[in-house]
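The values are calculated or read from the model by the stated rules, or taken from the named source; none is laboratory data. Note that the structure is a prediction, hence the values are computed from the model and not measured. Reconstructed Cβ throughout: ideal geometry from the backbone, glycine too, with neighbour counts over all protein chains shown.
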Amino acid sequence: MKEYMDRIKNEEELCWINPCRVSAAEALSQVEFNEYDVADAAARLQRFAPLIMHYFPETKVDGGIIESPLTEIDEMKEILNGEGARLTGRLFLKRDSDLKVSGSVKARGGVYEVLKHSEDLAIKAGILDSKADDYMKLASDEARELFGKYKVQVGSTGNLGMSIGIMSAALGFEAIVHMSMDAKQWKKDLLRERGATVIEYEGDYGAAVEQGRAESDADPMSYFVDDENSEALFLGYAVAAGRMDAQFKEQGVVIDDNHPLFVYLPCGVGGAPGGVTFGLKLLYGDNVHCFFVEPVTCPCMLVGLESGEMNNICVQDVGLSGITEADGLAVGRPSGLVCRFMNLMMAGEFTVDDSRLNYYLRKLYNSEGLFIEPSSCAGFIGPATISTDEDARRYLMQNELEDKMADAVHVAWATGGSMVPQDIRDKLLRIE
Ligand SMILES: *Cc1c(COP(=O)(O)O)cnc(C)c1O
């Protein structure tokens, strides 16, 4: 068997098992966040609910809480099995593709960070007396005038920019989004329509972030959302776990020693899958197994963890292009913060070839009537191969999971899609 790093360099699809994973209890004791930090983030989102309803009336049905459906996708499971997956247990889709406001998983972390920043500014300026105050005051002329003096900037391959741009522009901030060449045109157009300034770069995501950070740092009235290091983003994502737990309970789905949970999370810089994994570990401990999924041409988290170099290495350093159709995953260097945590708690990684993404996209649409964007489809490589891949099977055996797989619960995390314009959907659904 070839070494993992050789297979990574060859752009082979693989299942990598994390050799550094420790028990959930041990991992959580080494992380500087805990359940109170996640509860604090959840409470903050609750305080903002009236304001969210005010600016985004489509969230009224959910009381101003931005949350996505959890849908069992049995027909998709049958399709995967028809192609040799041998998947047992139940398969669900966590549909962050349908999150309101910005149509991707970034509506969790990104929205959360902007709200937290606005809260900090408003408390400092005396517009909010305390966290118990009426948050509708943040829609007052006084508050909007205050926010209008400040900039919020971010570097993005697309979806983070949409989330930060839409939310900060709605609150009255001057929103500036620095976008990499991978970013889709429709995302730039939509942002400009919502009042954000979009600056385009020839280079990749790393270049856009670097420029954005430099411009923001030079301006005392500017706040930079730092995808590579942000604690606020991470905690905003972590809130998803408790929300999904409530959905499992509503649907009578049990996660325990005999019903293990497997979650497959598409990964870019790592913040979204990392935050969700952290939240899930707090809730389910060793009964949840979180696998990240990255494109074979751009597996930055995998390269960081397998080499042990964390964020001191990028995919180009091992000869990979970093170029992928999965724009949300086109990140060459992982978050250092997330690498450090995931090294302790991530079960492993799957890599996926771009050619599968549109295939899964069409299969899901045709079987379940659900549309998600290409990046979002990466997660399906997990359920498609966990029962057959040699390394995955070794993981199941070593963790004494084989006998429990009949009662396992699998969740593919759909990370984006509802805002993709119709003409682009039509094109994606036609590609063979
Ligand atoms: C951002 C994004 C991800 C991954 O999130 P990271 O925090 O960058 O790891 C996955 N899928 C889509 C569609 C995204 O936009």
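Taken together, Ala232, Ala240, Ala272 contain a single residue that is closer than 21 Å to Gly328 by Cα and either in contact with a Ser or Thr (Cβ under 8 Å, 6 or more places away or on another chain) or polar (S, T, N, Q) (or both), which is Ala272. Of all the criteria given as (1) away from the ligand (no atom under 16 Å from the Cβ); (2) small (Gly, Ala, Ser); (3) over 14 Å from Ala347 (Cα atoms), the one not satisfied by Gly279 is (1).
Of the residues in the stretch 303-322, at least one is of a type in the set (S, T, N, Q), under 17 Å from Asp227 (Cβ atoms) and touching a Ser or Thr at 6+ places or on another chain (Cβ under 8 Å). Is there a residue being surrounded by fewer than 20 Cβ atoms within 10 Å (Cβ to Cβ), of a type outside the set (A, V, I, L, M) and under 19 Å from the mean Cα position of the chain (by Cα) anywhere in the stretch 139-154? Among the residues of the stretch 139-154, not one is surrounded by fewer than 20 Cβ atoms within 10 Å (Cβ to Cβ), of a type outside the set (A, V, I, L, M) and under 19 Å from the mean Cα position of the chain (by Cα), which makes the answer no. May I ask you to list the residues in the stretch 81-95 that are out of contact with any Ser or Thr (no Cβ under 9 Å at 6 or more places or on another chain) and farther than 15 Å from Tyr360 by Cβ? Passing the criteria: Gly89, Arg90. Return a yes/no flag: does the stretch 244-253 have any residue that is on the phi > 0 side of the Ramachandran plot, in a helix (DSSP H, G or I), away from the ligand (no atom under 12 Å from the Cβ) and at pLDDT 95 or above. Scanning the stretch 244-253 turns up no residue that is on the phi > 0 side of the Ramachandran plot, in a helix (DSSP H, G or I), away from the ligand (no atom under 12 Å from the Cβ) and at pLDDT 95 or above.
Does Glu294 qualify as being within 12 Å of the ligand (Cβ to nearest atom), of a type in the set (D, E, K, R), more than 22 Å from Asp407 (Cα to Cα) and in contact (Cβ under 8 Å) with a residue 24 or more places away in the chain?
Considered against the rule, which asks whether it is within 12 Å of the ligand (Cβ to nearest atom), of a type in the set (D, E, K, R), more than 22 Å from Asp407 (Cα to Cα) and in contact (Cβ under 8 Å) with a residue 24 or more places away in the chain, Glu294 comes out as yes.
Within the stretch 366-395, the residues that satisfy the criterion of being more than 16 Å from the ligand (Cβ to nearest atom), of a type outside the set (S, T, N, Q) and more than 22 Å from Met345 (Cα to Cα) are Glu368, Gly369, Ala384.
Whether any residue in the stretch 75-89 is crowded, with 21+ Cβ neighbours inside 10 Å and under 22 Å from Val239 (Cβ atoms) is what I want to check. Within the stretch 75-89 (the criterion being crowded, with 21+ Cβ neighbours inside 10 Å and under 22 Å from Val239 (Cβ atoms)), the answer is no, since none of the residues qualifies. Note on the stretch 311-339: among residues that are at pLDDT 95 or above and more than 15 Å from the ligand (Cβ to nearest atom), the one that is surrounded by the fewest Cβ atoms within 10 Å (Cβ to Cβ) is Gly319. Scanning the stretch 400-426 for residues that are over 22 Å from Leu80 (Cα atoms), charged (D, E, K, R) and loosely packed, with under 12 Cβ neighbours inside 10 Å returns Glu400, Asp423, Asp426.
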